[in-house]
1. Would you tally the residues in the range 42-82 being in contact with a helix residue (DSSP H, G or I) (Cβ under 8 Å, 6 or more places away or on another chain) and assigned to a loop (DSSP other than H, G, I, E, B)?
2. How many of the residues in the range 185-234 are within 23 Å of the chain's Cα centre (by Cα), under 22 Å from Asp330 (Cβ atoms) and assigned to a loop (DSSP other than H, G, I, E, B)?
3. Among the candidates Ser276, Ser292, Ser269, which residue alone is closer than 25 Å to Ala427 by Cβ and not assigned by TED's automatic domain parsing to the domain that holds Ile110?
4. It is to be established whether one or more residues within the range 247-265 are of a type in the set (Phe, Trp, Tyr) and within 24 Å of Gly429 (Cα to Cα).
5. What do you reckon, is Ala114 closer than 20 Å to Leu199 by Cα and under 26 Å from the mean Cα position of the chain (by Cα)?
6. When you scan the range 281-298, how many residues do you find that are closer than 24 Å to Ile352 by Cβ and not acidic (Asp, Glu)?
7. If I ask for residues that are hydrophobic (A, V, I, L, M, F, W, C) and either within 16 Å of Gly237 (Cβ to Cβ) or part of a loop (DSSP other than H, G, I, E, B) (or both), which ones from the range 345-366 would you list?
8. Looking at the range 324-336, I want the residues that are among the polar types (S, T, N, Q) and have a partner that is part of a loop (DSSP other than H, G, I, E, B) with Cβ atoms under 8 Å, at least 6 apart or on another chain. Which pairs are those?
Amino acid sequence: MSNAMSRRAVLTAGLAAGSSILAAGAASAEESAALTDVTTMADADIDFREWASTRQWHEGEAQGVKVDSRGGRPGIRFHKAVDSVEYTDPHTDVTANWDIAVWTSPWYEIGFGATEVIPSWNAETPAGSWLQVELAARYDDGADSEWFVMGRWASGETDIRRTSVDGQGDPRATIWTDTFSIDDPDAHRVAAYRFRLTLHRTPGSDVRPRVWRIGALASTVPDRFDVPESTPGVARGLEVDVPQYSQSIHSGQYPEYGGGGQAWCSPTSSQMIIESFGRKADPEDYTWVDPSYADRQICHAARQTFDAQYDGCGNWPFNAAYAATYEDMDAIVTRIGSLDEAEALIAAGFPIITSQSFLKEELDGAGYGTAGHLMTLIGFTEDGDVIANDPASPTNEAVRHVYNRRQFENIWLRTKRYNASGSVVGASGGVCYLYKSTDREWPTLPGVPGLSGC
């Protein structure tokens, strides 16, 4: 995909301007059979690969980490220090020494020439620990890139500030916050990639940070202003029961986290889906929030997804990592190829957090235009129109919207659009977050991991 810089820049911006629920449970046998018979963008290549099983973790090179299966979730944990490093946090100017342990994945051959790679991970970092995620690419001419930092992450804030790293790249590719992007797809593509996970802990301590999922979306989606039109299918008349939260009621609150609630579409959407699986934030975690504020857990979600370098709460992997801090939750960042695939997910009971940008006249009923916005796709009407919980609503009660199917699929799945000034800018091309509880399995789709094995 070309024009990655402008496309990434709009994905998590704030807004440019200010029926009964049918729970979707298990699909019928007829619907289940149809879940794998979905129409995707034929000229788009989408692949999601993860390391999440005991076998997969043993594929990598372990230096000071140990593969274990605590709680039935295979992963790697800090076992013994193999080195010590000094890290100066650029956002606090605090310098500290850290013991480290390292896991390096094998090379993964994608199977096509990718233009983007977007990682996501699920981990726990107790106080006194943090995680660095790096990615290296092998280009289609056989050359290997250096290691690029895709995130320095901790579930808390006592040790480092959660951050992406700017200014990374080589003559073939650039890192835009959380996305490895090929600069000129006509000249180069990504043929393979690998990860390096560096677990940090306070020297001499017995803290054991742990990672139980590392994965990446690799994709090549053609530049297009319009996408093929889909036909309503297996999810007609189905709606997943999802709480309704407005970001707008938090406008002006805690501007140190990306500007305040008016820019919190991503964490607000994340919190809606997390709670749809019955998970709740511990009230002890948001005692710092003004008790007069409604839905204080949304402020907590914004703080926990905040990227100090990006200066916002829309870092895609950070949102997935936050969702996975809840008990027995899985979370990934991926790409969906069509509304048919979205219907397969809804029919199986999984809502989707979607990323889109549009002019006011391009989405009837929204009442605004946006350079980048996240909302949750929770169902479809009998006619196949999209039911979405849109956090850019004035109240919680107003969050549920029905959007025209054709309009919605185009603003979500296209890769190019015209902005208000008539300039050509990028669009998300179907990027989304998928969350679930560990006792559930997503349907088999190109951008969704299958059963991990053991």
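1. Selection size over the range 42-82: 2.
2. 1
3. Values: Ser276 fails: closer than 25 Å to Ala427 by Cβ; Ser292 fails: closer than 25 Å to Ala427 by Cβ.
That would be Ser269, the only listed residue that is closer than 25 Å to Ala427 by Cβ and not assigned by TED's automatic domain parsing to the domain that holds Ile110.
4. Our first condition is that a residue be of a type in the set (Phe, Trp, Tyr); within the range 247-265, this holds for 254, 257, 264.
Restricting the remaining residues to those that are within 24 Å of Gly429 (Cα to Cα) gives 264.
The answer is yes, given that some residue of the range 247-265 is of a type in the set (Phe, Trp, Tyr) and within 24 Å of Gly429 (Cα to Cα).
5. Working: closer than 20 Å to Leu199 by Cα: no; under 26 Å from the mean Cα position of the chain (by Cα): yes.
Answer is no for this residue.
6. Residues of the range 281-298 closer than 24 Å to Ile352 by Cβ: 281, 295, 297-298.
Within this subset, residues satisfying the condition of being not acidic (Asp, Glu) are 281, 297-298.
Qualifying residue count for the region: 3.
7. Hits for the range 345-366 are Leu345, Ile346, Ala347, Ala348, Phe350, Leu359, Leu363, Ala366.
8. Once the first residue is among the polar types (S, T, N, Q) and sits in the range 324-336, its partners that are part of a loop (DSSP other than H, G, I, E, B) give Thr325/Ser155; Thr334/Gly447.
The values are calculated or read from the model by the stated rules, or taken from the named source; none is laboratory data. All values reported here derive from a predicted model rather than from experimental measurement. Counting neighbours? That spans all protein chains shown, and the Cβs are built from the backbone with ideal geometry, glycine included.
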